[in-house]
1. So, with +1 on the Cβ of K and R and -1 on the Cβ of D and E, and no other charges, what is the size of the charge dipole of the chain about its Cα centre, to the nearest 20 debye?
2. Mean residue ellipticity at 222 nm from the helices of the chain, using -39,500 (n - 2.57) per DSSP H segment of n ≥ 4 over the full residue count, to the nearest 500 deg cm²/dmol?
3. Explain nothing, just the number: relative contact order of the chain, from Cα pairs under 8 Å at least 6 residues apart, as a whole percent.
4. Using the Karplus equation 6.51 cos²θ - 1.76 cosθ + 1.60 (θ = phi - 60°), what ³J(HN,Hα) coupling, rounded to whole Hz, does each residue of region 77-92 give in order, writing x for Gly and Pro?
5. Rounded to the nearest angstrom and ordered from largest down, what semi-axes does the equivalent ellipsoid of the chain get from its C-alpha gyration tensor (root of 5λ)?
6. If you take the beta carbon distance between I14 and I56 as r and set R0 to 25 Å, what does 1/(1 + (r/R0)^6) give as a FRET efficiency, to the nearest 0.05?
Amino acid sequence: MFNEEYEQLLKKSIEVAPDWLKNDIESIVSKEPSAGISYVISELHHTYTFSIRHIISASHLSSEWSQISRERLNIIDNNIDVIVALYNEAKKNNK
């Protein structure tokens, strides 16, 4: 794939990226303006890995949060290049 094709594909991927991902990245960058991309990815993983939310969700007999978090972790893991592009965009907008 040529670099131009990759750039076009990345732009389209950013346009159709889930709103929750864009909002999460914006939120992380606004809280920690000097944070690097590895910190942002780490925070995204921390947000959606097993936590008290899963326990509370299970206590209410709902598996919705578990399903949502698994889907979001899958998106995060499979779209690192899109996350990097969204991070760069958020850093540019945060200045």
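1. The calculated dipole for the chain is roughly 300 debye.
2. One gets -25000 deg cm²/dmol as the mean residue ellipticity at 222 nm.
3. The value is 41 percent.
4. Each residue of region 77-92 in turn: 5, 9, 9, 4, 5, 5, 4, 4, 5, 5, 4, 4, 5, 5, 5, 5 Hz.
5. 27, 17, 10
6. 0.15
Every number here is computed from the coordinates shown, using simple stated rules; none is lab data. Nothing here was measured: the structure is a model prediction, and the numbers come from that model. We place every Cβ from the backbone using ideal geometry, glycine too, and count neighbours over all the protein chains shown.
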